[in-house]
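Single-structure report; data block below.
The values are calculated or read from the model by the stated rules, or taken from the named source; none is laboratory data. These numbers come from a predicted model, not from an experiment. Don't worry about glycine lacking a Cβ; one is built from the backbone with ideal geometry, like all the others, and counts go over all protein chains shown. Note: areas computed on protein heavy atoms with side chains; ligands, DNA, RNA excluded. Shrake-Rupley method; radii C 1.70, N 1.55, O 1.52, S 1.80 Å.
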Amino acid sequence: MPGNKPVLAHRMAGIAPFHVMDILAKAREMDARGLDVVHMEVGEPDFSSPRPVIEAGIRSLQQGLTHYTPALGLPALRQAIADYYLSRFGVQVDASRIVVTPGASGALQLILGVLINPGEKVLMADPGYPCNRHMVRMFGGEAVSLGVKASQDFALANDQVIRHWDRSTRALMVATPANPTGRLLSLQQLRFLYDAVRAPDGMLIVDEIYQGLVYDRPVETALKLGQDNLFVVNSFSKFFGMTGWRLGWIVAPEEYVPALDRLAQNIFLAAPTVAQHAALAAFQPATLSVLEERREVFQERRDYLYDALVNLGFRIQGKPEGAFYLYADVSAFSGDSFDFARQLLDRAAVAITPGRDFGSYRAEKFVRFAYTTDLSRLKLGVERIAAFLG
């Protein structure tokens with residue numbers, strides 16, 4: 001009946017909204033009224049997709065390449081991804097282990113769908129990307145959030161994982177570089193975590209979607225650890241600048257690929273066809289050259305914004321090594337980071353993301369700044385923040 005309250009599945013009780021959406025909605029409403037809002041809340045590159053990618057997508061449409069692809073993805077794209085791992089990282093990956101998905105979110109749905117039984121646990125860091133814990137719940141699992149401190153670079157330690165692992169734990173999920181902290185796990189840290197979960201025959205799921213956006217140190221991949229008990233997720237969204245194309249991939253242990261194929265057929269059939277043809281151009285030298293220039297722009301923004309915020313009194317535990325975020329402690333100014341974010345928008349027209357979007361561990365102390373806007377806009381935002389703090 002119209003007007004009746006909907007009867008929702010029980011799982012929806014644990015699916016929280018993004019709190020930043022309230023801030024974003026208010027910011028967009030301010031934009032519509034002609035107010036000049038500096039947006040530091042959006043976790044999306046401000047650059048458009050590289051021209052070779054766009055042109056490849058256009059050509060695929062003109063050539064009528066609009067039909068379904070195999071559920072595992074275009075064979076040519078799977079091979080191109082495998083070739084990329086060899087040329088960029090020196091890691092030999094068989095194309096048969098690569099599954100092309102509708103974004104990294106689609107990748108995680110497949111992995112969790114083939115791994116997690118109702119009641120089984122997945123360990124993850126808090127703070128972390130909130131959708132991960134919600135996707136675990138979608139499959140009846142329990143997301144166990146482990147608080148990580150700024151003083152430990154927001155990184156899970158292997159002994160922390162071992163202490164919380166029990167007979168119902170199935171997997172550990174980590175991200176490197178991480179959202180919201182921008183922190184990078186070294187290959188040695190990943191090795192410790194990998195060994196910790198393999199001992200009880202658990203699985204390590206590594207989110208590498210910000211992999212190309214790394215500063216001050218070489219880019220690594222968890223695939224150097226081996227191929228057993230390890231799933232690696234990546235995406236064309238962040239480094240490759242293809243957010244709206246909705247395309248990602250998994251590198252899976254060989255024995256799990258048939259199950260991933262079967263589940264993909266039933267959930268979404270295949271990743272978007274045009275996006276897959278466009279992504280073939282993402283690995284061309286001309287495209288990679290453009291992407292490297294953009295990485296350098298992000299690094300310049302990071303360096304400026306980090307120094308500026310620290311000078312204003314925000315506490316940040318060293319420069320993050322990757323992604324395009326600064327996770328800043330605002331406790332010198334407020335005991336409620338969500339209220340701080342709302343006040344900053346209302347009074348200074350600067351939009352940022354409160355810590356509660358990324359978990360509960362000390363969330364009231366932190367906000368996330370995204371340097372996904374032009375340097376001139378970041379400078380304007382800093383001027384406004386300085387005036388707001390007065």
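Taking the numbered list (1) buried (at least 20 other Cβ atoms within 10 Å of the Cβ); (2) over 16 Å from the mean Cα position of the chain (by Cα); (3) farther than 21 Å from Lys224 by Cα; (4) in contact (Cβ under 8 Å) with a residue 60 or more places away in the chain in turn, Gly113 passes all entries but (1). Considering segment 168-214, and only residues there that are in a helix (DSSP H, G or I) and of a type in the set (S, T, N, Q), the residue that is surrounded by the fewest Cβ atoms within 10 Å (Cβ to Cβ) turns out to be Gln188.
Taking the stated definitions as given, is Asp303 farther than 25 Å from Ala175 by Cβ and either touching a Leu at 6+ places or on another chain (Cβ under 9 Å) or open to solvent by 40 Å² or more (accessible area, probe 1.4 Å) (or both)?
On the way: farther than 25 Å from Ala175 by Cβ: no; either touching a Leu at 6+ places or on another chain (Cβ under 9 Å) or open to solvent by 40 Å² or more (accessible area, probe 1.4 Å) (or both): yes.
For Asp303, the condition - farther than 25 Å from Ala175 by Cβ and either touching a Leu at 6+ places or on another chain (Cβ under 9 Å) or open to solvent by 40 Å² or more (accessible area, probe 1.4 Å) (or both) - is not met.
Do you know which of the residues in segment 125-167 that are in a loop (DSSP other than H, G, I, E, B) and among the hydrophobic types (A, V, I, L, M, F, W, C) is nearest to Ser360 (Cα to Cα)? Result: Val148.
Residue count for segment 209-245 under the criterion of being in contact with a Leu (Cβ under 9 Å, 6 or more places away or on another chain) and closer than 18 Å to Ile98 by Cβ: the result is 16.
Mind listing just one residue for me: the one in segment 348-383 that is of a type in the set (Val, Ile, Thr) and more than 22 Å from Gly241 (Cα to Cα) and, of those, nearest to the chain's Cα centre (by Cα)? So that I can check it myself, show each step before the final result.
Just the residues of segment 348-383 that are of a type in the set (Val, Ile, Thr), to begin with: 350, 352-353, 367, 372-373, 382.
Next, from what is left, pick out any that are more than 22 Å from Gly241 (Cα to Cα): 350, 367, 382.
Details: Val350: 23, Val367: 17, Val382: 25 Å.
Looking at the filtered set, the residue picked out is Val367.
Are any residues in segment 296-336 of a type in the set (Phe, Trp, Tyr), touching a helix residue (DSSP H, G or I) at 6+ places or on another chain (Cβ under 7 Å) and under 25 Å from Ser235 (Cβ atoms), and if so, which ones?
Restricting attention to segment 296-336, the residues satisfying the condition of being of a type in the set (Phe, Trp, Tyr) are 298, 304, 306, 314, 324-325, 327, 333.
Narrowing the set further to residues that are touching a helix residue (DSSP H, G or I) at 6+ places or on another chain (Cβ under 7 Å) leaves 304, 324, 333.
Answer for segment 296-336, where residues must be of a type in the set (Phe, Trp, Tyr), touching a helix residue (DSSP H, G or I) at 6+ places or on another chain (Cβ under 7 Å) and under 25 Å from Ser235 (Cβ atoms): just Phe324.
The residues listed here are Ala386, Ala370, Ala332; of these, the one that is open to solvent by 20 Å² or more (accessible area, probe 1.4 Å), of a type in the set (A, V, I, L, M, F, W, C) and in contact with a Gly (Cβ under 7 Å, 6 or more places away or on another chain) is Ala332. Screening Gly73 with (1) in contact with a Lys or Arg (Cβ under 9 Å, 6 or more places away or on another chain); (2) surrounded by 15 or more Cβ atoms within 10 Å (Cβ to Cβ); (3) at pLDDT 95 or above; (4) not in a helix (DSSP H, G or I) gives one miss only, at (1). Of the listed requirements (1) at pLDDT 95 or above; (2) open to solvent by 10 Å² or more (accessible area, probe 1.4 Å); (3) in contact with a Phe, Trp or Tyr (Cβ under 8 Å, 6 or more places away or on another chain); (4) over 27 Å from Ser289 (Cα atoms), Ser96 misses just one: (3).
Residues are listed down the side, and each one gets a yes or a no for (1) β-branched (Val, Ile, Thr); (2) in contact with a Ser or Thr (Cβ under 9 Å, 6 or more places away or on another chain):
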| site | (1), (2) |
| --- | --- |
| Ala278 | no, yes |
| Gly313 | no, no |
| Leu326 | no, yes |
| Val330 | yes, yes |
| Ala341 | no, yes |
| Asp346 | no, no |
| Phe358 | no, yes |
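Take the conditions (1) in contact with a Ser or Thr (Cβ under 8 Å, 6 or more places away or on another chain); (2) more than 15 Å from Thr169 (Cβ to Cβ); (3) free of Cβ contacts under 8 Å to residues at least 60 places away in the same chain; Pro200 misses just one of them, which is (2). Contact annotation: residue pairs with Cβ atoms under 7 Å, 6 or more positions apart or on different chains, pairing a residue in segment 332-343 that is of a type in the set (Phe, Trp, Tyr) with a partner that is assigned to a helix (DSSP H, G or I), are Phe333/Phe340; Phe333/Leu389; Phe338/Arg356.
Note on segment 337-351: residues that are out of contact with any helix residue (DSSP H, G or I) (no Cβ under 8 Å at 6 or more places or on another chain) and of a type outside the set (D, E, K, R) total 1.
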